[in-house]
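Participant: There's a structure below that I have some questions on.
Quick note: the coordinates plus some simple rules give every number you see, no bench work behind them. Just so it is clear, the model here is predicted, and its values are computed rather than measured. No Cβ is skipped: glycine too gets one built from the backbone with ideal geometry, and neighbour counts run over all protein chains shown.
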Amino acid sequence: MSEIKNKKYTYQELAAFCLQISMLLNAAVPLDEGLSIMSQDAKDEAEKKMLLSMAEGSELGLPFFQVLEETGAFPSYVVRMARLGQETGTLDEMMSSLSDYYEKEYQLLRNIKNAVTYPIVMIFMLFAVLFVLFVKVMPIFENVYSQLGAQMSPAAQSAIRLGGIFSGTALFIGAVLVIAASGAYIMSSMGMKVSLAEKCIYAVKGRSRIAAAVAKRRLASVMSLSIRCGMDMEKGLELASDLVENDRIRDRIMACRDMMEDGSDCYQSMKKTELFSGFHIQMIQVGQRSGHLDQVMEEISDSYKEQADEAIDGILARFEPTLVAVLAVAVGFILLSVMLPLVGILSAIG
């Protein structure tokens with residue numbers, strides 16, 4: 001199995017894979033047979049080889065988590081939770097829960113991509129319209145003025161030239177940034193590290209309200225799953241810290257884990273480290289006392305997902321009318337600065 005190391009599953013593919021494994025286990029289908037069946041509908045040859053290799057490993061009696069680990073296609077979180085599921089006899093439930101987790105991750109990632117892509121496209125359109133206006137339309141007005149024996153004001157002429165240079169430069173810089181970002185994304189998907197891109201991403205994740213909501217959603221979701229399958233809270237927090245990409249929240253998670261190892265309970269540790277606050281920390285206290293902390297964590301996870309979605313929708317809701325207003329004002333101001341003197345000239349001629 002060691003020769004198949006280049007296949008990496010996306011969130012959507014992980015969700016589908018975990019769901020299929022859960023269904024196979026619920027139907028009492030042996031994993032080697034089920035994986036062989038799944039390989040028949042693989043989307044490419046690499047995935048087919050990987051699934052057949054996994055089926056071979058299962059047939060030889062290897063534990064399922066080891067089969068997953070040896071492919072190199074699955075995150076350590078999936079491998080560790082699959083191992084825990086096998087040890088506790090709840091692998092089917094574990095894979096179903098992992099499917100739900102990665103389905104939510106995929107939906108959230110898709111929303112974030114849309115929130116980033118849409119403004120970029122709109123900004124490009126804004127500069128493209130201004131560039132065409134300055135380079136193609138405004139020279140026509142200059143010719144009209146020339147034919148009428150008049151000249152545009154020096155301010156208008158300077159604005160036309162500077163506007164064309166500015167919008168053209170902005171389009172060029174934007175295109176370079178898009179190409180660089182695309183290259184960095186392709187390189188990272190191939191396993192190569194791009195230090196500058198990583199620094200920029202970490203800077204955004206450290207300050208973004210959306211990134212903080214995503215980090216806390218992951219934390220709550222991992223804790224819910226860990227508690228449900230009987231994992232120690234400390235180990236659950238350590239596992240969550242590997243998935244959280246926000247440094248401040250990761251530090252709080254580790255501080256909370258240290259406090260719990262020193263004997264503090266879950267509620268007090270999370271409250272003192274400010275992992276959760278307000279209504280959520282009250283829910284954790286009630287969940288801890290009632291023995292339903294896993295359900296509470298799942299509710300908190302859903303709450304933070306809604307917060308992230310609302311933040312994304314809010315950005316789009318504010319951005320679109322703002323950009324349309326800027327475009328309308330800019331185009332209107334430019335045209336009026338040219339048209340009003342022209343109307344005056346035509347009136348004088350008439």
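Participant: On a 0 to 90 degree scale, rounded to 10, what angle separates helix 11-26 from the longest Cα axis of the chain?
Facilitator: The helix 11-26 is inclined about 30 degrees to the chain.
Participant: Still on this model: Sorted by packing (mean other beta-carbon atoms within 10 Å per residue), highest first, where do 168-179, 278-289 land?
Facilitator: Going from most to least packed, we get 278-289, 168-179.
Participant: If the cut-off is a Cα-Cα distance under 20 Å, which aspartates and glutamates reach Lys48, setting aside same-chain residues fewer than 8 apart in sequence?
Facilitator: Result set, ordered by chain and number: Glu3, Glu13, Asp32, Glu33, Glu56, Glu59, Glu69, Glu70.
Participant: Next question, about the same structure. So what's the angle, to the nearest 10 degrees on a 0 to 90 scale, between helix 279-290 and the longest Cα principal axis of the chain?
Facilitator: Roughly 10 degrees, rounded to the nearest 10.
Participant: Of Lys49/Lys216; Lys104/Lys272; Lys272/Lys305; Lys271/Lys305, which ones are farther than 26 Å apart at the Cα?
Facilitator: Lys49/Lys216; Lys104/Lys272
Participant: How far is helix 247-261 tilted off the main Cα axis of the chain, in degrees rounded to 10, range 0 to 90?
Facilitator: For 247-261 against the chain, the angle is about 20 degrees.
Participant: At 222 nm, what helix-only mean residue ellipticity would the chain give, in deg cm²/dmol to the nearest 500, using -39500 (n - 2.57) for each DSSP H run of four or more? Before the final figure, lay out the partial values.
Facilitator: On the way: 15 runs with 285 residues, N = 350.
One gets -28000 deg cm²/dmol as the mean residue ellipticity at 222 nm.
Participant: Taking 51 Å as R0, compute the FRET efficiency from the Cβ-Cβ separation of Thr322 and Asn143 and round it to 0.05.
Facilitator: So, using R0 = 51 Å, E works out to roughly 0.90.
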